[in-house]
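Right, one structure below, let's go through it.
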Amino acid sequence: MAAFGTVFMPQMTLATFENSNWSSPELVSSDSIQLHPGAHVLHYASTCFEGLKAFRHENGSINLFRMDRNIERMQQSSQLLSLPAFDASFLQKMITDVVKHFHNDVPKPPGSMYIRPTHIGTESAIGKAASPTSSSMLYVLLSPVGDYFASGDQTLRLLLEEDGSRCAAHMGMVKSGGNYASALQPILQARASVNADQVLFCPNGDVQETGAANFLLIDGNEIITKALDSSFLHGVTRDSILTIARDMGMTVSERELSVDELLERAAKPESEAALSGTAAVLAPVGTLIHKGKEIPVGDASPGKTTLKLRKALNDIQWGKAEDKHGWLTQI
Ligand SMILES: Cc1ncc(COP(=O)(O)O)c(C=O)c1O
């Protein structure tokens, strides 16, 4: 199976913003864009994106998961990056049009169609380091993806990073390329030095998130994760898992979590930890690495509650359980 996100549908929907107006979205070839080498995005990183999925149900229908949330987040990212604004209905139509066009290509579960809306600043003006782009391009790329857990449910090893941050504190809630670039060196170093899969960024002891997923700690009937603030990405999966956990009668604590508390709780035999995100849904964490020591989380195997929560979310996405929160949009 091809690596996640390396296969694309041959066409995408695209709209451009010029002279204060959005063009009508069009279906164009996925490799058709042209950018001036002086484009704002290439120099001053005026770019944001989203990631959501469409699922094929047994009756053949195609269903988008929580599209409204991703659109809202993209509007917020665009605003915080001073990129041109767009209406939610505008992007919603671009997403549904392209998914409808390729509905025959949406894989069956456990696969899905990963949807990547992207917004970039296109004005060719290298003197605009401190000014917004006046033109931009919005497009929606599709990538059919397979089973994230095809190689089995291995648990992840996370290095706790207390000195550095994933990105600038006020940029965490923006889904922008620069944040991923700034996290890359710490991640590569963690892989090389302690064979970690990911870095859990905990600046000054504040447990935040990894490079591309939110972090959840499960201690018995309680699920603990950092309360929303501007320092980290407000994951749609995080919100969905917390809602499902509440529905199951679990106590959900959205609050500050310190490294000290995390390590203390992780040592309990029943503790679990997981990463949440659109790609992996909920991936079990088995080991925390802190100051040269390896600390197993609970018994270091995939947690029972983690797997139960993941299945509950997958069942809704795959049309096997009631969608009682109205998270799916059938197209
Ligand atoms: C930095 C970061 N945090 C969290 C998430 C999880 O967000 P979501 O559940 O909306 O995919 C992602 C995934 O896209 C991410 O890149």
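The values are calculated or read from the model by the stated rules, or taken from the named source; none is laboratory data. Owing to the predicted nature of the structure, the values given are computational and were not obtained by experimental measurement. Positions of Cβ are backbone-derived with ideal geometry, glycine not excepted, and every protein chain shown enters the neighbour counts. When the accessible area is computed, the model is the full protein with side chains, heavy atoms only, and any ligands, DNA or RNA have been set aside. Shrake-Rupley method; radii C 1.70, N 1.55, O 1.52, S 1.80 Å.
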Those residues of region 98-121 which are open to solvent by 60 Å² or more (accessible area, probe 1.4 Å) and under 19 Å from Ile33 (Cα atoms) amount to Arg116
Under 9 Å between Cβ atoms, which residue pairs at least 6 apart in sequence (or on different chains) link something in region 119-136 that is of a type in the set (D, E, K, R) with a partner that is part of a loop (DSSP other than H, G, I, E, B) and open to solvent by 20 Å² or more (accessible area, probe 1.4 Å)?
Glu123/His36; Glu123/Pro132; Glu123/Ser134; Lys128/Ser134
Check every one of the strands (runs of 3 or more DSSP E) wholly within region 30-109 and list those with 2 or more residues that are more than 16 Å from the ligand (Cβ to nearest atom).
62-65
For region 10-19, state whether one or more residues are free of Cβ contacts under 8 Å to residues at least 12 places away in the same chain, at negative phi and in a loop (DSSP other than H, G, I, E, B).
no
Taking Ala312 as the residue in question, decide whether it is of a type in the set (Gly, Ala, Ser), within 27 Å of Val199 (Cβ to Cβ) and either surrounded by fewer than 18 Cβ atoms within 10 Å (Cβ to Cβ) or in contact (Cβ under 8 Å) with a residue 60 or more places away in the chain (or both).
no
Which listed residue, of Lys226, Lys304, Lys293, is surrounded by fewer than 14 Cβ atoms within 10 Å (Cβ to Cβ) and touching an Asp or Glu at 6+ places or on another chain (Cβ under 9 Å)
Lys304
The residue from Leu262, Leu288 that alone is modelled with pLDDT of 95 or more, away from the ligand (no atom under 16 Å from the Cβ) and in contact with a Cys (Cβ under 9 Å, 6 or more places away or on another chain) is Leu262
Check whether at least one residue in region 127-149 is in contact with a Cys (Cβ under 7 Å, 6 or more places away or on another chain) and in a strand (DSSP E or B), and report yes or no.
no
State which residue pairs qualify: first residue without any contact (Cβ under 8 Å) to a residue 12 or more places away in the chain and inside region 229-248, second residue more than 8 Å from the ligand (Cβ to nearest atom) and open to solvent by 10 Å² or more (accessible area, probe 1.4 Å) in any location, beta carbons under 7 Å apart, and separation of 6 or more residues or different chains.
Arg246/Val252
Does Asp87 count as of a type in the set (Asp, Glu), surrounded by fewer than 22 Cβ atoms within 10 Å (Cβ to Cβ) and in contact with a strand residue (DSSP E or B) (Cβ under 8 Å, 6 or more places away or on another chain)?
no
Which residues, counting only those in region 177-218, are open to solvent by less than 10 Å² (accessible area, probe 1.4 Å), among the aliphatic types (A, V, I, L, M) and within 15 Å of the ligand (Cβ to nearest atom)?
Ala183, Val199, Leu200, Val207, Leu216
Is at least one residue of region 273-285 over 21 Å from the mean Cα position of the chain (by Cα) and open to solvent by 10 Å² or more (accessible area, probe 1.4 Å)?
no
